[in-house]
Structure formats: structure tokens, C-alpha cells
């Protein structure tokens, strides 16, 4: 079991970013994304973005629950899940009032097929 630390999230993001299909998505470098480990017992992960007066450009933020995620495999799947959300925000292909739109599901199926993951658990 892994006791998650933010540097583990960075390492997983960088690892996945170097693999298909992420390597073709033009995702931001890990130093342009904030990574946080939470104690959330409801959600395995979350993606959001923010703007501040100090940083008027969008900052991408990925959260992963250290209470629910403690293995390499589960971290990889949660990070991939949140990276789809980041990609959609980056491309502006999100759908209002819908967390997982048709494009998100198509990308998730592709990722699961490539990496040998069960889409139903993704």
C-alpha cells in the first residue's frame, strides 16, 4: 500500500502523459498543474481549475483521495480519469451540467482498451 504524497501524483501524471493516448493530447507539463492529496472518503479523485488575481490564466488542479487510493493501479486509473477532464477543459469540449459527456466516455473507453483496464470500473 502507498501512503500518497503530492509527488506521487506528479510522477503518475508525467508517466501517463508520456503514454498513448495522452502523449498526443498536448496536456500541460506537470509543473503547470497543482496536485493535492485529500482525505475525501466519497470521491477517489477530482479535477477543477481556478483563476486568481495573481494568476489570471487558468490553473488546472487535480485532487486524489489518499483515504481511498493506496495502490499503483488505482492511482493510475484515477489519474487517467482526471486527465480526461483536464484535456476536455484544455480543449473547451466540456458540456454544461454534465460531468461525463459522450466525448469523455469515448476517451475513457479508448484509454481502458489501450491500458487493459475494465471500463466499467473506470
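Throughout, read-outs are computed from the coordinates displayed, never taken from laboratory work. Quick caveat: nothing in here was measured; it's all calculated off a predicted structure. Heads up, the Cβs are rebuilt from the backbone with ideal geometry, glycines too, and the neighbour counts pull from every protein chain shown.
Count of segment 61-104 residues, restricted to those that are farther than 19 Å from residue 36 by Cα and under 14 Å from the mean Cα position of the chain (by Cα), is 5.
Which residue is nearest to residue 64 (Cα to Cα), if the candidates are limited to segment 82-113 and must be in contact with a helix residue (DSSP H, G or I) (Cβ under 6 Å, 6 or more places away or on another chain) and not in a helix (DSSP H, G or I)? Among residues in segment 82-113 that are in contact with a helix residue (DSSP H, G or I) (Cβ under 6 Å, 6 or more places away or on another chain) and not in a helix (DSSP H, G or I), the one nearest to residue 64 (Cα to Cα) is 94.
Can you pull out the residues in segment 1-13 that are surrounded by 12 or more Cβ atoms within 10 Å (Cβ to Cβ) and either over 12 Å from residue 84 (Cα atoms) or free of Cβ contacts under 8 Å to residues at least 60 places away in the same chain (or both)?
Start the filter on segment 1-13 by keeping residues that are surrounded by 12 or more Cβ atoms within 10 Å (Cβ to Cβ), which leaves 2, 4-6, 8-13.
Listed by number, the residues that qualify are 2, 4, 5, 6, 8, 9, 10, 11, 12.
Among the residues of segment 64-122, those that are touching a strand residue (DSSP E or B) at 6+ places or on another chain (Cβ under 8 Å), buried (at least 19 other Cβ atoms within 10 Å of the Cβ), without any contact (Cβ under 8 Å) to a residue 40 or more places away in the chain and within 17 Å of residue 25 (Cβ to Cβ) comprise 82, 85.
For segment 105-122, residues that are under 19 Å from residue 43 (Cβ atoms) and more than 16 Å from the chain's Cα centre (by Cα) total 1. Just so you know, in segment 20-52 the residues that are within 20 Å of residue 113 (Cα to Cα) and either in contact (Cβ under 8 Å) with a residue 12 or more places away in the chain or within 13 Å of the chain's Cα centre (by Cα) (or both) include one that is surrounded by the most Cβ atoms within 10 Å (Cβ to Cβ), and it is 22.
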